Amino acid sequence: MQDRIRVLVCGTGSAAHVLGAVISAQGDADVSVMSVNVVRANAWAEIAGAARLTVTGRDEVPIEATGLSITSDPEAAARDADFVIISVPAFLHLQYLTVLAPYLPEGCVIVGLPGQNGFEFDVRKALGDRFDSTIVINFESLPWICRTDEFGRSARIHGTKSRLVGAMHGDPSRARVADPAAVLQRLLGDTPQLVINGHPLGITLRAPNAYSHPPIMFGRWKDWDGVGLDAPPLFYHGVDEETAALLEEISDEVVATSRSIMRGHPGVDLSQVIPMYEWDIGCYGADIADKTNLMTALRTNSGYEGMTHPMIRRGNEYVPDFSHRFLTEDVPFGLVVIRGIAELAGVPTPQMDRVLCWSQHAMGREYLLGKELRGRDVAFTRAPQRYGYSLDDILVA
C-alpha cells in the first residue's frame, strides 16, 4: 500500500464537513473536497485558507481537519484518487459522477456514503462500459447524525451509528489500495463498524430513509386541515402507534421483496435486508432508552432528540414543508426505487402505495398510476423502470 491515501469527498453539506475533518485527521490521507457549485467551493476554499475546520462530537472532543483542499475542478479533484466519496443529495449523484467520470483513475473506489437507493444505477449510467471493472461501495446511510454549525468552519456530530452496512460491486483486488474495505474503516475510525457483504441490491432495499421519512410525514400530515401550528412538532420522537404500525408494515413489504427475489435467484444474497426495528436496534442500541418496540425505540433514541418536522414559518405559525428532502429526495430517489423493484419482483405493496399516493399528491408529482410506476415523473427518479432495467439486469450488477 502506498504511504498516503488520496481521498476525494464530493459535496459541501454536513456530511462533507465531517468526512473532511475525520479522514484528514487520521494523518496519512490527503483529502480534497469538490463541489460543482463554484461559489460554495470558492467560499470554503477562502475560509480554509484562514481557519481549520473543526468537528465536535458528543464527547466534546474537537477533531481538526488538516491539509484540506477545496476545488470545483473535477479533473484536479479526481487526479490519482484512491477513493471518491459521494456525500451529496441523491438528485445530484449523476451530475457529480458524470463530470468526474473522464478523470477517474483505474482502480479508484467509488463510495456512496450514503449512496441511497439505486446508487449503482447512476454509477452505471455515468461510467458506461467502465462500470463492470469499477469498484463501487454503497452504504445504507451516513455514519453519523451531524449538522453544520458554521459553513467551512465547524460542524457537530450528534450521534454515531454503532455499525454501518454496505455492499460492494466489482473486484476489490483491482483497487488502487489493498483491501479497500479495511482502509475505509481505518479512515473513518473505530465506529461505526463497517459491515460490507451481500449484493448491492440489498443496500438499495435496506437503506431506511426511503421507508421511514415519507411514512412519518404521511402519518403526521395525511389528515392536515391546513391550520398552522404554534411550534414544529417532533419528528421521530413524535411517532404515534398508528404511524409505527405503518412503518412496520412497509418494512415487512420490503423484507418480503428481498425474500421473493432470493427464492427466485438462490445465488443472490439479500440477507442484509432486515425489519426496521432490528435496523434501529443494530445501529442505535446504546442510544435507545426503551427497546420495547419500534415506536418506543424511535421515541427514546437520544440521537433524534430535538429533531422536528420540516416546517415553514407563516407569520406566527408553522405549516409543513412538503418541498423538504424528506419527500423531494426520499420519494423519487428512495421509496419509488424500492416500489419499482417490488413491482419487477411481483410483490404487492399496499401500504407503500398508500404513502406514495399521498406523497406524490403533496409534491405535485406523478409516479404511480394504478398499480404501475408509469407516471410522467418516473423519468426523474432512480426507479429501475426509468433506466429500462429488468430484474435480471439489476442482479447482474
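The values are calculated or read from the model by the stated rules, or taken from the named source; none is laboratory data. Keep in mind the model is a prediction, meaning the values are calculated, not measured. All Cβ positions, glycine included, derive from the backbone under ideal geometry; neighbour counts span all protein chains shown. Areas reflect the complete protein model, heavy atoms only, side chains present, ligands, DNA and RNA absent. Shrake-Rupley method; radii C 1.70, N 1.55, O 1.52, S 1.80 Å.
A compact table of results
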read-out	value
Tally of residues being under 21 Å from the mean Cα position of the chain (by Cα), open to solvent by less than 50 Å² (accessible area, probe 1.4 Å) and under 17 Å from ASN138 (Cα atoms) across the stretch 90-113	12
All positions within the stretch 347-392 that are of a type in the set (A, V, I, L, M) and over 25 Å from GLY226 (Cβ atoms)	VAL347, MET352, LEU369, LEU373, VAL378, ALA379, ALA383, LEU391
Matching residues, the stretch 147-160, being assigned to a strand (DSSP E or B) and surrounded by fewer than 21 Cβ atoms within 10 Å (Cβ to Cβ)	ARG147, THR148, ASP149, GLU150, SER154, ARG156, HIS158, GLY159
Test: residue in the stretch 62-80 that is outside any loop (DSSP other than H, G, I, E, B), without any contact (Cβ under 8 Å) to a residue 24 or more places away in the chain and open to solvent by 50 Å² or more (accessible area, probe 1.4 Å)	yes
Candidates ILE281, ILE312, filtered to the one that is open to solvent by 30 Å² or more (accessible area, probe 1.4 Å), in contact with a strand residue (DSSP E or B) (Cβ under 6 Å, 6 or more places away or on another chain), free of Cβ contacts under 8 Å to residues at least 40 places away in the same chain and aliphatic (A, V, I, L, M)	ILE312
Search result, residues across the stretch 19-50 that are within 25 Å of GLY107 (Cα to Cα), open to solvent by less than 10 Å² (accessible area, probe 1.4 Å) and either of a type in the set (Asp, Glu) or assigned to a helix (DSSP H, G or I) (or both)	LEU19, GLY20, ALA21, ILE23, SER24
Filter pass, THR257 being β-branched (Val, Ile, Thr) and open to solvent by 50 Å² or more (accessible area, probe 1.4 Å)	no
Residue ranges of helices (runs of 4 or more DSSP H) in the stretch 275-361 with at least 1 members closer than 18 Å to LEU142 by Cα	276-284, 294-299, 325-328
Test for LEU53: is it in contact with a strand residue (DSSP E or B) (Cβ under 8 Å, 6 or more places away or on another chain), within 27 Å of HIS324 (Cβ to Cβ), at pLDDT 95 or above and open to solvent by less than 10 Å² (accessible area, probe 1.4 Å)	yes
Test: GLY267 is open to solvent by 20 Å² or more (accessible area, probe 1.4 Å), modelled with pLDDT under 95, assigned to a helix (DSSP H, G or I) and not aliphatic (A, V, I, L, M)	no
Some residue of the stretch 222-230 being open to solvent by 10 Å² or more (accessible area, probe 1.4 Å), within 30 Å of ASP82 (Cβ to Cβ) and without any contact (Cβ under 8 Å) to a residue 12 or more places away in the chain	no
Subset of the stretch 89-104 (residues that are outside any helix (DSSP H, G or I) and modelled with pLDDT under 95)	PRO89
Residue match in the stretch 234-247 (condition: under 19 Å from PRO348 (Cβ atoms), touching a residue at least 24 places away in the same chain (Cβ under 8 Å) and buried (at least 18 other Cβ atoms within 10 Å of the Cβ))	yes
Boolean, LEU327 is more than 26 Å from HIS93 (Cα to Cα), modelled with pLDDT of 95 or more and open to solvent by less than 10 Å² (accessible area, probe 1.4 Å)	no
Any chance ASP330 is within 27 Å of PRO200 (Cα to Cα), touching a residue at least 40 places away in the same chain (Cβ under 8 Å), in contact with a Lys or Arg (Cβ under 9 Å, 6 or more places away or on another chain) and of a type in the set (D, E, K, R)	no
Residue within the stretch 186-195 that is among the small types (Gly, Ala, Ser) and touching a Ser or Thr at 6+ places or on another chain (Cβ under 8 Å) present	no
Total residues in the stretch 372-388, condition surrounded by fewer than 21 Cβ atoms within 10 Å (Cβ to Cβ), in contact (Cβ under 8 Å) with a residue 12 or more places away in the chain and outside any helix (DSSP H, G or I)	2
